[in-house]
Amino acid sequence: MTRLDGSGDDRVEGPGAGPDAVALEIADAVESLTNLWSLAAQEAPLRLSLHQLRALRTLEAAPELNLTALAERLHIGLPTASRLCDRLEAAGVLERALHPRNRREVRLSLTAQGRRVLDDVASRRAQALTAALTALQPAERSALRRGLKALLAAQRRVSPAPDEPPGKR
């Protein structure tokens with residue numbers, strides 16, 4: 001397996017520059033960044049799992065979802081989403097409230113503590129990433145930024161957004 005370890009050359013063309021080889025290198029880099037991300041989150045005073053943090057971030061982006069909508073956005077089953085919310089509510093980072101016009105529907109929202117937890121985790125993650133990026137030369141950081149922007153733009157062209165149903169682009 002080819003690795004992005006800094007020891008390879010920067011040729012634009014060649015046997016190691018094909019999409020398959022680059023995909024393996026990027027997968028390794030993503031795994032390393034995921035570990036960095038996870039460790040930073042685990043250093044927060046309130047330790048939440050990555051699934052719990054993902055649920056909180058989803059609710060931050062789309063406040064007052066109901067349980068069904070949260071489960072759909074997280075691509076998990078309703079019972080799993082319910083247990084996840086039970087744990088988040090017990091931790092004091094999520095609250096449930098009856099919908100004002102439909103008493104059978106329960107809205108989910110972050111508490112002030114939930115927002116503080118997300119802010120703290122985001123700060124810790126940014127610090128960890130900044131430490132890694134500090135080791136790069138300015139030209140390398142600039143090239144990385146351009147490359148990531150290009151990769152994200154290409155990904156959006158070939159795949160729907162995570163919350164967008166397939167076929168709607």
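The values are calculated or read from the model by the stated rules, or taken from the named source; none is laboratory data. It should be emphasised that the depicted structure is a prediction, and the values quoted were computed from it without experimental measurement. Please note: Cβ atoms are built from the backbone with ideal geometry, for glycine as well, and neighbour counts cover all protein chains shown. These area figures cover heavy atoms from the full protein model, side chains too; ligands, DNA and RNA do not enter into them. Shrake-Rupley method; radii C 1.70, N 1.55, O 1.52, S 1.80 Å.
When the alpha carbon gyration tensor of the range 28-110 is reduced to an equivalent ellipsoid, its three semi-axes come out at 27, 14, 10 angstrom, largest first.
Over the range 76-133, Cα pairs under 8 Å with separation of 6+ residues give a relative contact order of 23 percent. Peptides 119-130, 95-106 ranked from most to least packed give 119-130, 95-106, packing being the mean of other C-beta atoms within 10 angstrom over each peptide's residues.
Couplings for the range 29-37, taken from phi via the Karplus curve 6.51 cos²θ - 1.76 cosθ + 1.60 with θ = phi - 60°, read 5, 5, 4, 4, 5, 4, 5, 4, 4 Hz in order; Gly and Pro are left as x.
Given the peptides 142-151, 50-59, arrange them by the average over their residues of other C-beta atoms within 10 Å, most packed first. Display every interim value, and only then the final one.
On the way: 142-151: 11.2, 50-59: 18.9.
Final packing ranking: 50-59, 142-151.
Could you tell me which of rounded, prolate or oblate describes the range 60-156, using a ≥ b ≥ c as the square roots of the eigenvalues of the alpha-carbon gyration tensor, with rounded for a/c under 1.5 and, failing that, prolate when a/b is larger than b/c and oblate otherwise? Mind dumping the intermediate values first?
On the way: a/c = 3.27, a/b = 2.07, b/c = 1.58.
Cα axes put the range 60-156 in the prolate bin.
Measuring with a 1.4 angstrom probe and ignoring ligands and nucleic acids, residue 86 comes out at about 70 Å² accessible.
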